[in-house]
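Only one structure is covered here, and it is reproduced in the block below.
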Amino acid sequence: MSHESTSLFADPGQTVDGSVRITASVVPGERRMDFLPQHFGERAMIKFEMSVYDWMGSLCPTYRGGFWNYVELSNGGAFMYPSGVESFAISVDGNGFSNTVGAEVAGIIATAFALNNMLWRGWDSLAEKYKQLLEFIGEHPESAAIRRALD
């Protein structure tokens, strides 16, 4: 992904039903400091970020930390994914999912788990971000794998 608005689809135009596809853009370095408070709020941002890292560690035992890209979605949503590693072996206890996925997909999965977990813990302010991420997942080329992991 580049720093410009980049679609994750072969045809970034419209979907079959005529609606506009959701695009994803990596946040450039000069805007990184604003990403977490803008999308997750000042109260939740650190808890959210740490939760994503914790989920990634739970989902992928070989994950050892590192730099993460922040991504904004054209529908207002956001997610983050690890940079510098092409793929991760993800295993989800409880639903039997076990698959090697790209870094972006691993980040989407970890972000979705983190948001869901925080919602269950009363962080209702994150409900819209979770909904927006799920909308994006529905259009993602690897939506089937992402949904199997989240099921």
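The values are calculated or read from the model by the stated rules, or taken from the named source; none is laboratory data. Nothing here was measured: the structure is a model prediction, and the numbers come from that model. No Cβ is skipped: glycine too gets one built from the backbone with ideal geometry, and neighbour counts run over all protein chains shown.
Here is how the numbers come out for the structure above:
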item: Qualifying positions in the stretch 25-45 - touching a residue at least 40 places away in the same chain (Cβ under 8 Å) and either in a loop (DSSP other than H, G, I, E, B) or β-branched (Val, Ile, Thr) (or both); result: Val26, Val27, Gly41, Arg43, Ala44
item: Criterion (at pLDDT 95 or above, under 18 Å from Glu142 (Cα atoms), of a type in the set (S, T, N, Q) and more than 13 Å from the chain's Cα centre (by Cα)) met by exactly one of Ser91, Ser7; result: Ser91
item: Any hit, the stretch 59-67, residues being more than 15 Å from the chain's Cα centre (by Cα), closer than 23 Å to Ile90 by Cβ, among the small types (Gly, Ala, Ser) and at pLDDT below 95; result: yes
item: Qualifying residue in the stretch 32-39 (condition: within 16 Å of the chain's Cα centre (by Cα), modelled with pLDDT of 90 or more and farther than 25 Å from Asp124 by Cβ); result: yes
item: Count of the stretch 122-146 residues which are in contact with a helix residue (DSSP H, G or I) (Cβ under 9 Å, 6 or more places away or on another chain) and not in a helix (DSSP H, G or I); result: 3
item: Positions within the stretch 93-144 being over 22 Å from Ser74 (Cα atoms) and hydrophobic (A, V, I, L, M, F, W, C), in sequence order; result: Phe97, Val101, Met118, Leu119, Trp120, Trp123
item: Pairs with Cβ under 8 Å, 6+ apart, first in the stretch 100-129 and in contact (Cβ under 8 Å) with a residue 40 or more places away in the chain, second buried (at least 22 other Cβ atoms within 10 Å of the Cβ) and of a type in the set (Lys, Arg); result: Leu115/Lys129
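Yes/no matrix, rows are residues, columns are (1) buried (at least 16 other Cβ atoms within 10 Å of the Cβ); (2) small (Gly, Ala, Ser); (3) in contact with a Leu (Cβ under 6 Å, 6 or more places away or on another chain):
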residue: Val26; (1), (2), (3): yes, no, no
residue: Glu30; (1), (2), (3): no, no, no
residue: Leu36; (1), (2), (3): yes, no, no
residue: Glu42; (1), (2), (3): no, no, no
residue: Met45; (1), (2), (3): no, no, yes
residue: Phe48; (1), (2), (3): yes, no, no
residue: Cys60; (1), (2), (3): yes, no, no
residue: Tyr63; (1), (2), (3): yes, no, no
residue: Phe67; (1), (2), (3): no, no, no
